[in-house]
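The values are calculated or read from the model by the stated rules, or taken from the named source; none is laboratory data. Computed from a predicted model, the values in this text were never measured in an experiment. Because the Cβ atoms are built from the backbone with ideal geometry, glycine has one as well, and the counts that use them run over all protein chains shown. Heavy atoms of the whole protein, side chains included, go into the accessibility calculation; ligands, DNA and RNA do not. Shrake-Rupley method; radii C 1.70, N 1.55, O 1.52, S 1.80 Å.
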Amino acid sequence: MDKIITEDEQKAAVKTLERLISVPSYNQQAEDGAPFGRGIRNALDEMMKICDELGFKTYEDPDGYYGYAEVGSGDKLFGIICHLDTVPAGDLGKWQHNPFKGTVIDNAVYGRGSQDDKGPGIAALYAVKALMDQGYHFNQRIRFIYGTDEEILWRGIAEYNKKEAPIDSGISPDAEFPLIYAEKGLQQSYLVGPGTNQLKLKLKNAFNAVPDSAVYDGPKQDEVKAALDKHGFEYTSDDNSITVIGKSVHAMMAPEGTNAVLRLAIALDDVFDFKPLDFIGKLFKEDATGSNVLGDVHDESGQLTFNISSLEINEDETRMQIDLRIPVTVDRDKLLEKLSKQVAEYDLKYVHFDYLAPLYVPKDSKLVQTLMEVYKEQTGDVDAEPQISGGATFARTMNNCVAFGGMLPTTPDYMHQANEQWPLPDMYKAMEIYAQAIKKLCVD
Ligand SMILES: [Zn+2]
């Protein structure tokens, strides 16, 4: 098959990516017209400028929540959903070069956002640009949609969905090839109950990680240690406190981790008579598939995962943070109703915090079939299968949309890490895959 992307277009895409990386865009203090900080707004402005220069029609939300760039005509809308914010650089000492000076080093585009998600966004943009330059006529509008708050709370894309027309189908280049057709529903909530003056706990952790340590500095430490020993739970201790040791993994893989908060709670439940603790000690135990509470919940997208990341107990209340990744075909309302009933037995009340609906585009749909076909043709990876994920991309916020690339399965994963970089051969391959895919989907 003839290649679409020329060497000139590869070079131009790299130059543009360098330009975009050079606008730092991690979340900062809100300002007027910059709800996620000046840096992200600058990156949005810069992206709109780039799209203008390439001949797209652009629209930038005046409040700075999102922007989009469009080409083609017709009623139907094909979306390519990207994000312009990045995570911060983190420990600068770990970077070998400036994370915010986009440059090619050792045959890779180097800098924060090169993989997530500025690089894949630019690769897809130049794929469409190549098709435009070669005179192809699109049978629908192609719209690049730029979110600005993907790494935090998705407020930018939510604003887009509130104000703008929905897409008919699309891709989000913000994960791995071949593609992700199913992402579990993501429910984050609290379990809240009465307080006690028997013990005080302040184990507060992010929703989405299995905690790898839990410190206890309250009364009855000898009994608590004896209970930990009885269960065979690992811990260290000094004169004042006990630290239970676990193993941290992302909440979407909770059953593979060791939850230090749960282990401490199980031991405390042996020592103290307090009903909310029984929920963990007598019912939930250490099973992060939640099966002791909700039964066996799974479908083709995998097993339910149930992470309890935080446990706070004081005189006034008990509060746990939970993160549920719900298989795509499961009835969420019924599941949560069952959970509410179960926790009520332990004086706990279920309280909603945040929900992301699942992504599910059937494997036999035209979109998935076409993208898989192109991916296989372009890579020779004929055994590739569409993937499921417990993670979350913007694809799930849109109709009939899947996560498609930009990383190849063989690309070293630098996302959210120091020395983020995207090897040029992988970037060029992604550009070609995007061009071929969009040609197949959006050109007659
Ligand atoms: Zn991303």
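What is the distance, in nm, between label points placed 7 Å from the Cα along the Cα-to-Cβ direction at residue 202 and at residue 73?
Taking the simple label geometry, residue 202 and residue 73 are separated by 6.5 nm.
If every alpha-carbon in the range 13-79 counts as one equal scatterer, what log10 I(q)/I(0) does Debye give at q = 0.13, 0.19, 0.25, 0.26 1/Å?
-0.41, -0.79, -1.08, -1.12
Among 175, 186, 199, flag the residue with its Cα farthest along the positive direction of the charge dipole of the range 155-252, charges on Cβ as +1 for Lys/Arg and -1 for Asp/Glu.
Ranked along the dipole, the leading option is 199.
Quick check for me: using +1 on Lys/Arg Cβ and -1 on Asp/Glu Cβ, what's the dipole size of the chain about its Cα centre, in debye to the nearest 20?
With only Lys, Arg, Asp and Glu charged at Cβ, the dipole is about 480 debye.
Among residues other than residue 442 whose Cβ falls under 10 Å from its Cβ, what is the net charge (Lys/Arg +1, Asp/Glu -1)?
Working: positive: 76, 141, 439, 440; negative: 444.
With Lys, Arg at +1 and Asp, Glu at -1, the net is +3.
Starting from the Cα of residue 162, step 7 Å along the direction of its Cβ; do the same at residue 31; then give the gap between the two resulting points in nm.
2.3
Quick one: Debye curve from the alpha-carbon atoms of the chain only, equal weights, vacuum; give me log10 I(q)/I(0) at q = 0.06, 0.07, 0.09, 0.10 Å⁻¹ to two decimals.
Normalising to I(0) and taking log10 leaves -0.30, -0.40, -0.64, -0.77.
Give the share of C-alpha pairs in each 5 angstrom bin for the range 374-444, from 0 to the last occupied bin, in whole percents, shortest bins first.
3, 13, 20, 24, 23, 13, 3, 1, 0
Between residue 229 and residue 381, 0.36 nm times their residue separation minus their Cα-Cα distance comes to what?
Here the segment from residue 229 to residue 381 would lengthen by 49.7 nm.
Which whole-number value in Å² is the accessible area per residue of the chain, probe 1.4 Å?
It amounts to 41 Å² per residue over the chain.
Which residue fluctuates most in the GNM of the chain (Cα springs below 10 Å): 70, 256, 183?
Maximum fluctuation in the GNM of the chain, among the listed residues, is at 256.
Of 372, 132, which has the most accessible area and how do the rest follow, probe 1.4 Å?
Largest to smallest exposure gives the sequence 132, 372.
For the range 93-142, what are Rg and Dmax over the alpha carbons, in angstrom?
Here Rg and the maximum Cα pair distance are 15.2, 49 Å.
Between residue 94 and residue 236, what's the calculated FRET efficiency when r is the beta-carbon distance and R0 is 30 Å? Round to 0.05.
That gives a FRET efficiency of 0.65.
Given the protein chains as shown and a 1.4 Å probe, how many square angstrom of residue 442 are accessible, to the nearest 10?
Approximately 0 Å² of residue 442 is accessible to the 1.4 Å probe.
List the pairs from 200/282; 275/349; 76/439 whose alpha-carbon separation is above 22 Å, in the order I gave them.
Beyond 22 Å between Cα atoms: no listed pair.
Would you mind telling me the share, in percent, of accessible area of the chain contributed by carbon and sulfur at probe 1.4 angstrom?
Its accessible area is 46 percent carbon and sulfur atoms.
All other residues with a Cβ under 13 Å from the Cβ of residue 259 taken together, and with Lys, Arg as +1 and Asp, Glu as -1, what is their net charge?
On the way: positive: 247, 263, 285; negative: 212, 234, 256, 286, 287, 323.
Taking every other residue near residue 259 into account, the sum is -3.
Sort out for me the Cα centre separation of the range 404-444 from the range 322-359, rounded to whole Å.
The range 404-444 and the range 322-359 have Cα centres separated by 36 Å.
Going 7 Å from the Cα of residue 153 in the Cα-to-Cβ direction, what parts of the range 324-365 have a backbone nitrogen less than 15 Å from that spot?
Of the residues in the range 324-365, 353-356 have backbone N under 15 Å from the label point off residue 153.
Of the candidates 14, 271, 402, which one comes out as most mobile in a Gaussian network treatment of the chain with C-alpha springs shorter than 10 Å?
Maximum among the listed residues: 271.
How much space per residue, in cubic angstrom, does the convex hull of the C-alpha atoms of the range 185-356 take up?
Once divided by residue count, the hull of the range 185-356 is 98 Å³.
Given a 10 angstrom Cα cut-off, can you work out which residue in 123, 288, 206 is the most mobile in a GNM of the chain?
Checking each option, the largest mean-square fluctuation is seen for 206.
If you rank 143, 263 by how much accessible surface each has, with a 1.4 Å probe, what is the order from largest down?
Of 143, 263, the descending order of accessible area is 263, 143.
Before rounding to the nearest 500, sum -39500 (n - 2.57) across all DSSP H runs of length at least 4 in the chain and divide by the residue total; then give [θ] at 222 nm in deg cm²/dmol.
Taking each H run of at least 4 residues, the total per residue is -9500 deg cm²/dmol.
Going 7 Å from the Cα of residue 283 along its beta-carbon direction, which residues of the range 195-232 have the amide nitrogen within less than 20 Å of the resulting point?
195-196
Taking Cα centroids, how far is the range 168-227 from the range 3-48 in Å?
Taking the Cα centre of each part, the range 168-227 and the range 3-48 sit 33 Å apart.
Residue 19: accessible area at probe 1.4 Å, nearest 10 Å²?
Spelled out: residue 19, probe radius 1.4 Å, area about 70 Å².
By how many nm would the segment from residue 341 to residue 315 grow when fully extended, if each residue of separation counts as 0.36 nm and the alpha-carbon distance is taken off?
6.9 nm
Tell me the net charge near residue 75. Cut-off is 9 Å between Cβ atoms, residue 75 excluded, with +1 for each Lys or Arg and -1 for each Asp or Glu.
Local charge sum for residue 75: +1.
Multiplying the sequence separation of residue 299 and residue 333 by 0.36 nm and subtracting their Cα-Cα distance, what value in nm do you get? Mind showing how you got there, number by number?
Numbers: separation 34, 0.36 × 34 = 12.24 nm, distance 1.65 nm.
That works out to 10.6 nm of additional length.
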